[in-house]
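A quick write-up on the structure given underneath.
The values are calculated or read from the model by the stated rules, or taken from the named source; none is laboratory data. Just so we're clear, the structure is a prediction, and the values are computed from it rather than from any experiment. Because the Cβ atoms are built from the backbone with ideal geometry, glycine has one as well, and the counts that use them run over all protein chains shown.
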Amino acid sequence: SGAEGSASVVRSLLSNAIRDPFEPKYRRVNLNNKTIKAKVGGYAQCLSILKSAGFVPDAGGDPNVLALSGGRKAANVAPLVVARDAIDKWIDRNRYNIAAAARKKKEDEDRIRLAEELANAPEEESDEEEEEYVDPDACVIKARVEGKKRLHDLEMRAEDTLGDIVSALFPKGTGEGEEVRVTCAARRLIVSSKDKGAMSRTLRECKLTPSASVVVKVISSATEEAAAKDAEAAKKRMAERAQARRDRKKAAEQTMQSSGIYSKDDNAKG
């Protein structure tokens, strides 16, 4: 779409400045450039993003040139990174919404066409019940977020991805640095959001059609550290108990030997 094209141009300008903040050609945005003028110059939102990232009117006075830090030799890329991340999140969300709208439009068109075909089809007398139409691409995912009781019935398509399940449950996204894990016990499926390739697999590829139940768990870095500490503590306790058992066994053997139960001269006694 036009909006996504403009966002991509702004993202490219930001990425260039982040990658090489002291390169003069990346520190200036010429609004008279043909592509930039068409994609960026005419949109107040795009100019606002550039200005929030540090691109302001050039100190030289040309109103059609934006310079990073106003032309001063500075290299604070933090505002640039924040702006680029915001654009990435918007693009991902926008693509999902566009795909969902396109699917809905196609489904509406298919329903209208089917209704017209049924209306124009000649009636046939039959004693048999008509079979109900089943959409082969329809998929119902019963999803629950670990730690919560609510069960979400997600109406999806077979070509939707595991990532789409997470997007449907968390439309505003998850916290920064958090890992999301999707588990389906029936399919022996465990996929982490860190594995981008696995998250892009379709529901059909994961054999989650026509229906399946999944549990989605959000794991923060703090949770992982606590789990690691708990595992280490449990391992230490097990080692201590094992050592205590060995010590008790050794003490018992020494006691029996001192009392003559295992004396080497047992056969000579009598």
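Given the residues Ala212, Ala234, which is the only one that is among the hydrophobic types (A, V, I, L, M, F, W, C) and either at pLDDT 90 or above or farther than 30 Å from Arg187 by Cβ (or both)? Give the derivation first.
On the way: Ala234 fails: either at pLDDT 90 or above or farther than 30 Å from Arg187 by Cβ (or both).
Matching residue, one of Ala212, Ala234: Ala212.
Taking the stretch 9-37 only, how many residues are in contact with a helix residue (DSSP H, G or I) (Cβ under 9 Å, 6 or more places away or on another chain), surrounded by 13 or more Cβ atoms within 10 Å (Cβ to Cβ) and in a helix (DSSP H, G or I)?
11
Among the residues that make up the stretch 91-100, is at least one of them within 16 Å of Met199 (Cα to Cα), touching a residue at least 40 places away in the same chain (Cβ under 8 Å) and among the β-branched types (Val, Ile, Thr)?
No, that holds for no residue.
All but one of (1) surrounded by 12 or more Cβ atoms within 10 Å (Cβ to Cβ); (2) in a helix (DSSP H, G or I) hold for Val214; state the number of the condition that does not hold.
(2)
Out of the stretch 96-110, which residues are of a type in the set (D, E, K, R) and either exposed (fewer than 14 other Cβ atoms within 10 Å of the Cβ) or over 15 Å from Met156 (Cβ atoms) (or both)? Break it down stepwise before answering.
Step one: filter the stretch 96-110 for residues of a type in the set (D, E, K, R), giving 103-110.
Matches in the stretch 96-110: Lys104, Lys105, Lys106, Asp108, Glu109, Asp110.
Here's a check for you: in the stretch 237-270, which residue that is part of a helix (DSSP H, G or I) and at pLDDT below 70 is nearest to the chain's Cα centre (by Cα)? Don't jump to the end; show me each part of the working.
So the first thing to find is which residues in the stretch 237-270 are part of a helix (DSSP H, G or I), and the list is 237-258, 266-268.
Next, from what is left, pick out any that are at pLDDT below 70: 266-268.
Working: Asp266: 73, Asn267: 75, Ala268: 78 Å.
Among residues in the stretch 237-270 that are part of a helix (DSSP H, G or I) and at pLDDT below 70, the one nearest to the chain's Cα centre (by Cα) is Asp266.
Out of everything in the stretch 190-214 that is among the hydroxyl-bearing types (Ser, Thr, Tyr) and over 18 Å from the mean Cα position of the chain (by Cα), what residue ends up being nearest to Glu178 (Cα to Cα)?
For the stretch 190-214, the residue satisfying everything is Ser213.
Looking at (1) farther than 30 Å from Asp164 by Cβ; (2) in a helix (DSSP H, G or I); (3) free of Cβ contacts under 8 Å to residues at least 12 places away in the same chain, find the lone condition where Asp85 falls short.
Answer for Asp85: the failing condition is (1).
If we keep just the residues of the stretch 140-187 that are of a type in the set (A, V, I, L, M, F, W, C) and more than 18 Å from the chain's Cα centre (by Cα), which is farthest from Val218 (Cα to Cα)?
So in the stretch 140-187, the residues of a type in the set (A, V, I, L, M, F, W, C) come out as 140-141, 143, 145, 151, 154, 156, 158, 162, 165-166, 168-170, 180, 182, 184-186.
If we keep only those that are more than 18 Å from the chain's Cα centre (by Cα) too, we end up with 140, 151, 158, 185-186.
Numbers: Val140: 22, Leu151: 16, Ala158: 24, Ala185: 17, Ala186: 20 Å.
Going through the qualifying residues, I end up with Ala158.
Could you say which residue among Val65, Val77 is touching a Pro at 6+ places or on another chain (Cβ under 6 Å), more than 30 Å from Glu159 (Cβ to Cβ) and surrounded by 12 or more Cβ atoms within 10 Å (Cβ to Cβ)?
Values: Val65 fails: touching a Pro at 6+ places or on another chain (Cβ under 6 Å).
Selected residue: Val77, the only one of Val65, Val77 that is touching a Pro at 6+ places or on another chain (Cβ under 6 Å), more than 30 Å from Glu159 (Cβ to Cβ) and surrounded by 12 or more Cβ atoms within 10 Å (Cβ to Cβ).
Determine whether Asp160 is under 22 Å from Arg95 (Cβ atoms) and of a type in the set (Asp, Glu). Write out each step before concluding.
Working: under 22 Å from Arg95 (Cβ atoms): yes; of a type in the set (Asp, Glu): yes.
So Asp160 passes the test.
What is the number of the single condition among (1) in contact (Cβ under 8 Å) with a residue 24 or more places away in the chain; (2) among the polar types (S, T, N, Q); (3) farther than 24 Å from Ala198 by Cα that Asn120 does not meet?
Failed condition: (1).
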